[in-house]
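See below for the structure under consideration.
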Amino acid sequence: TPVILWLRRDLRLQDNPALNHAAETGRPVIPVYILDEAGEGRPRGAASLWWLDKSLRALAESFAERGASLILRRGDSEAVLRTLITQTGATAVFLNRLFEPEAWARDADIAHGLKAEGIEVKGYNGSLLTRPGSVLNGSGGPYKVFTPFHRFLLATAVQPAHTTGPRDLSGAPDVASETIDDWGLHPQHPDWSRRFDWTPGETGATAELGRFVTHGLANYGKGRDMPGVPATSRLSPYLHWGEISPWRAIAAARKTAADGKVPGAEADKFVAEIGWREFSAHLLHHFPTLPTHAFRPEFDAFPWRDDDVAFAAWTRGQTGYPVVDAGMRQLWATGWMHNRVRMIVASFLIKHLLIDWRRGEAWFWDTLVDADLASNVQNWQWVAGSGADASPYFRIFNPITQGEKFDADGTYVRKWVPELRKVPDRWLHAPWTAAPETLREAGVQLGTHYPHPIVDHTEARNRALEALKTVSGRR
Ligand code: FAD
């Protein structure tokens, strides 16, 4: 009898524990992807669906090369699985677990129902270095601070051997599949594909990893803070969709260091960032209300402002602060934003505009190709100062000095805000401080070609500190 391989966010053949275990049974393996829009919790954003569309096409090709057909079905996951079981006579379902609370609970219900009917359900961890719930402090509770969490993780997580996956997956019974074109996941916007220069899927992930260890890793520690320098891995969407395992990314970085090609400290720094991904997943697992509620409850009473005009200016990259606008435009154009700039734009929304972090988080969720519930929520709460191991709530990023420090030569701002490209470096991050003739020579008239700042930095900072007293008073 065949077994079902239920793929979700493990869209790869290499290092895929559920696939390996399914193949080891020696029985025919039926790989299936179920489009169950609300089944995993919050419905997917548009950029994520763009990615999923391409990723499934790539995955179907990889399965075809090994003699198998990827079955696509749309609908309620449990109903689809039951139909497939009836159609194929399968007696087991293999899957890699999802750890977000809603998806976890849904999977547990499905497993319970299937097991009651004699169907075996086998779950594995294919997405994280350690299973959430297994990293606990001395008193058996979850870590709430990153450094001890990471130390424990490094000491205990065991790297599995690399596997390329079964070579021959032929022999599964023929079952009907829907077609990806019919799903219409790819947004219908005519400009969409032009803007998104990504290669979703396992091959794209391998290429990105190769590029990173050869060109980025040597300067990762410093370069990762400079948005104009391509020093980071850009693996986040691939990691989110499970097109590469975090272990493989870590192993490649460590090997590059062990071969003497980059200092060990650079690889360690990269491993620590993967550690933040783990930390986010563990926090969400232990504190399931994080997507909707501040980890520090006093922040839920914060006097947020409703300001649709300012919010729209922020989403469109029209705030008048060049580094903020560059980031928001990079996000819209590519589905990705550099981490340093994510922190700056998030801080600007929360502290300069006093707009609820949940609105910013929702915008990211819709527009990021790496939108990940745990990482997105954890990082937004980090910037807000309301999270577990968060930035101090009174820390307010200055978008001018952040730009001057991390994009000193203006490479990043000039790329994404081309109307300012002729403004000399000295005024690039605060063009309104330049003399009118300087701006004229650069071909910029503020208010016509590029907006005046929508808030004054000093006034906004004072207003934020005032508002934050409501929180600090209760701490
Ligand atoms: P690299 O520097 O190459 O890091 C390697 C990997 O480590 C990343 O791919 C990612 O998986 C992980 N990582 C790095 N930094 C973080 C971090 N701060 N938190 C969690 N994991 C991290 N990351 C997402 O994957 N999805 C999100 O939805 C997301 N939302 C964010 C929202 C805000 C407000 C902020 C400040 C950060 C957010 N991040 C998110 C984290 C981080 O910005 C991205 O993971 C990173 O920019 C991805 O680029 P990279 O792959 O080149 O990173």
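The values are calculated or read from the model by the stated rules, or taken from the named source; none is laboratory data. Note that this is a predicted model, so its numbers are computed, not measured. Here the Cβ is made from the backbone with ideal geometry for all residues, glycine too, and neighbour counts use every protein chain on show.
Being within 16 Å of the ligand (Cβ to nearest atom) and in a loop (DSSP other than H, G, I, E, B), is that true of even one residue in the range 204-217? Can you show your working first?
Initial filter on the range 204-217 (within 16 Å of the ligand (Cβ to nearest atom)): 204-217.
If we keep only those that are in a loop (DSSP other than H, G, I, E, B) as well, we get none.
The answer is no; no qualifying residue exists.
Of a type in the set (A, V, I, L, M, F, W, C) and free of Cβ contacts under 8 Å to residues at least 40 places away in the same chain, is that true of A103? Break it down stepwise before answering.
Numbers: of a type in the set (A, V, I, L, M, F, W, C): yes; free of Cβ contacts under 8 Å to residues at least 40 places away in the same chain: no.
Considered against the rule, which asks whether it is of a type in the set (A, V, I, L, M, F, W, C) and free of Cβ contacts under 8 Å to residues at least 40 places away in the same chain, A103 comes out as no.
Could you run through the range 217-233 and say how many residues are surrounded by fewer than 22 Cβ atoms within 10 Å (Cβ to Cβ) and over 19 Å from I250 (Cβ atoms)?
6
Evaluate the range 112-132: report whether one residue or more is part of a helix (DSSP H, G or I), surrounded by fewer than 21 Cβ atoms within 10 Å (Cβ to Cβ), without any contact (Cβ under 8 Å) to a residue 24 or more places away in the chain and among the hydrophobic types (A, V, I, L, M, F, W, C). Spell out how you get there, then give the answer.
Start the filter on the range 112-132 by keeping residues that are part of a helix (DSSP H, G or I), which leaves 112-116.
Now narrow it down to the ones that are surrounded by fewer than 21 Cβ atoms within 10 Å (Cβ to Cβ): 112-116.
Narrowing further to those that are without any contact (Cβ under 8 Å) to a residue 24 or more places away in the chain: 112, 115-116.
Subset that is among the hydrophobic types (A, V, I, L, M, F, W, C): 116.
Scanning the range 112-132 turns up at least one residue that is part of a helix (DSSP H, G or I), surrounded by fewer than 21 Cβ atoms within 10 Å (Cβ to Cβ), without any contact (Cβ under 8 Å) to a residue 24 or more places away in the chain and among the hydrophobic types (A, V, I, L, M, F, W, C).
Checking E419 against (1) in contact with a strand residue (DSSP E or B) (Cβ under 8 Å, 6 or more places away or on another chain); (2) within 16 Å of the ligand (Cβ to nearest atom), which test does it fail?
(2)
Got a sec? Which of A467, A374 is touching a helix residue (DSSP H, G or I) at 6+ places or on another chain (Cβ under 6 Å) and touching a residue at least 60 places away in the same chain (Cβ under 8 Å)?
Working: A467 fails: touching a helix residue (DSSP H, G or I) at 6+ places or on another chain (Cβ under 6 Å).
After ruling out the rest, the residue left standing is A374.
Report, by residue number, each residue of the range 331-347 that is within 11 Å of the ligand (Cβ to nearest atom) and in a helix (DSSP H, G or I).
L331, N339, R340, V341, R342, M343, I344, V345, A346, S347 - these are the residues of the range 331-347 that are within 11 Å of the ligand (Cβ to nearest atom) and in a helix (DSSP H, G or I).
Return the residue satisfying two criteria in turn: it lies in the range 241-289 and is hydrophobic (A, V, I, L, M, F, W, C), more than 13 Å from the ligand (Cβ to nearest atom) and not in a helix (DSSP H, G or I), and of such residues it is surrounded by the most Cβ atoms within 10 Å (Cβ to Cβ).
V262
For F311, state whether it is modelled with pLDDT of 95 or more, of a type in the set (F, W, Y) and assigned to a helix (DSSP H, G or I).
Details: modelled with pLDDT of 95 or more: yes; of a type in the set (F, W, Y): yes; assigned to a helix (DSSP H, G or I): yes.
Spelling it out, F311 is indeed modelled with pLDDT of 95 or more, of a type in the set (F, W, Y) and assigned to a helix (DSSP H, G or I).
Which count do you get for residues in the range 351-376 that are closer than 11 Å to W314 by Cα and touching a Gly at 6+ places or on another chain (Cβ under 8 Å)?
0
Within the range 293-330, work out how many residues are more than 21 Å from F406 (Cβ to Cβ), within 16 Å of the ligand (Cβ to nearest atom) and touching a Lys or Arg at 6+ places or on another chain (Cβ under 9 Å).
The total comes to 2.
Looking at R234, is it within 9 Å of the ligand (Cβ to nearest atom), in contact (Cβ under 8 Å) with a residue 24 or more places away in the chain and on the phi > 0 side of the Ramachandran plot? Working first, answer last.
On the way: within 9 Å of the ligand (Cβ to nearest atom): yes; in contact (Cβ under 8 Å) with a residue 24 or more places away in the chain: yes; on the phi > 0 side of the Ramachandran plot: yes.
Considered against the rule, which asks whether it is within 9 Å of the ligand (Cβ to nearest atom), in contact (Cβ under 8 Å) with a residue 24 or more places away in the chain and on the phi > 0 side of the Ramachandran plot, R234 comes out as yes.
Among the residues of the range 290-300, how many are surrounded by fewer than 18 Cβ atoms within 10 Å (Cβ to Cβ), in contact with a helix residue (DSSP H, G or I) (Cβ under 7 Å, 6 or more places away or on another chain) and in a helix (DSSP H, G or I)?
Residues flagged as surrounded by fewer than 18 Cβ atoms within 10 Å (Cβ to Cβ), in contact with a helix residue (DSSP H, G or I) (Cβ under 7 Å, 6 or more places away or on another chain) and in a helix (DSSP H, G or I) within the range 290-300 amount to 1.
Return the residues of the range 56-74 that are more than 25 Å from the chain's Cα centre (by Cα) and assigned to a helix (DSSP H, G or I); say none if nothing qualifies.
Scanning the range 56-74 gives F63, A64, E65.
Exactly one condition in (1) assigned by TED's automatic domain parsing to the domain that holds L13; (2) closer than 26 Å to A23 by Cα; (3) touching a Pro at 6+ places or on another chain (Cβ under 6 Å) is not met by G118; state its number.
(3)
How many residues are among the hydrophobic types (A, V, I, L, M, F, W, C), surrounded by 22 or more Cβ atoms within 10 Å (Cβ to Cβ) and part of a helix (DSSP H, G or I) if we restrict to the range 24-49? Quick ask: steps written out before the conclusion?
Narrowing the range 24-49 to residues among the hydrophobic types (A, V, I, L, M, F, W, C): 29-30, 32, 34-35, 38, 46-47, 49.
Retained after the next criterion (residues that are surrounded by 22 or more Cβ atoms within 10 Å (Cβ to Cβ)): 29-30, 32, 47.
If we keep only those that are part of a helix (DSSP H, G or I) too, we end up with 47.
So the count comes out to 1.
S69 passes all but one of (1) in contact with a strand residue (DSSP E or B) (Cβ under 9 Å, 6 or more places away or on another chain); (2) modelled with pLDDT of 95 or more; (3) surrounded by fewer than 22 Cβ atoms within 10 Å (Cβ to Cβ); (4) within 19 Å of I110 (Cβ to Cβ); which number fails?
The failed condition is (4).
Among the residues in the range 357-380, are any under 20 Å from T458 (Cβ atoms), outside any loop (DSSP other than H, G, I, E, B) and within 13 Å of the ligand (Cβ to nearest atom)? Lay out the reasoning, then the answer.
Taking the range 357-380 and keeping what is under 20 Å from T458 (Cβ atoms), we get none.
So far as the range 357-380 goes, no, none of its residues is under 20 Å from T458 (Cβ atoms), outside any loop (DSSP other than H, G, I, E, B) and within 13 Å of the ligand (Cβ to nearest atom).
So for the range 212-234 (the condition being under 26 Å from P31 (Cβ atoms) and modelled with pLDDT of 95 or more), does at least one residue qualify? Explain how you work it out, then say what you get.
Here is the first cut: in the range 212-234, the ones under 26 Å from P31 (Cβ atoms) are none.
Taking every residue of the range 212-234 in turn, none turns out to be under 26 Å from P31 (Cβ atoms) and modelled with pLDDT of 95 or more.
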